[in-house]
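The structure appears below as structure tokens.
Since every read-out is calculated from the coordinates, none of them should be taken as a lab result. This one's a predicted model, so the numbers in the text were calculated from it and none came from an experiment. Using ideal geometry, Cβ is built from the backbone for each residue, glycine included, and neighbour counts are taken over all protein chains shown.
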Amino acid sequence: MKFLTEKLIDAEFDASDAEEAIHRAGTLLANADGVEHQYIEAMIRSYRENGSYFVLSPKIALPHARPEDGVKDASVSLVKLKSPVEFGHKTNDPVSLVFGLGATSGDEHLEILQKLTRLLNEKEAADELINAKSIDEIINIIEKRN
């Protein structure tokens with residue numbers, strides 16, 4: 001499992017819209033060999049077809065697609081947006097943290113979600129991540145909570 005390692009984090013991405021943010025999260029997954037490049041388009045297609053259901057809490061999105069869309073290894077990326085972006089969610093917009101998710105099976109999906117839940121269980125954790133200035137600072141926040 002590849003979970004928020006240095007190669008999977010972009011600490012200051014300037015996205016013009018939700019699709020650009022999703023694309024960046026997917027690109028990090030692909031660059032780390034967690035997903036095939038087609039998975040990035042599947043994530044964007046899922047957003048276009050299903051809307052912002054994956055904006056799980058205020059400021060936090062978890063875009064993903066199906067395992068059969070090109071997941072090679074369970075992985076999670078993080079794109080911290082320079083400026084928050086609207087995803088179209090009634091209550092949880094705008095988004096500042098985009099966690100790209102690639103899971104290969106139900107068990108791995110649950111394991112990844114448990115790790116993310118532990119990380120983001122406290123509102124302070126999300127705020128710390130949003131205010132972090134570097135990848136090292138983000139990794140320290142993640143390690144402190146996992």
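Side notes on the structure shown:
- Sorting K80, K72 from the fewest to the most surrounding beta carbons within 10 angstrom yields K72, K80.
- Using only side-chain charges placed at the Cβ, +1 for Lys and Arg and -1 for Asp and Glu, the dipole size of the stretch 107-146 relative to its Cα centre rounds to 100 debye.
- Rounded if a/c under 1.5, otherwise prolate or oblate - the stretch 65-146, Cα gyration tensor axes: oblate
- Listed pairs K2/K90; K72/K133; K2/K133 exceeding 27 Å between Cα atoms: K2/K90; K72/K133
- Reported to the nearest whole Å, the Cα centre-to-centre distance from the stretch 1-43 to the stretch 94-113 is 12.
- Rotationally averaged projected area of the chain (alpha carbon convex hull; nm²): 7.3 nm²
- Rounded to the nearest 20 debye, dipole of the stretch 1-106 from Cβ charges on Lys, Arg, Asp, Glu: 280 debye
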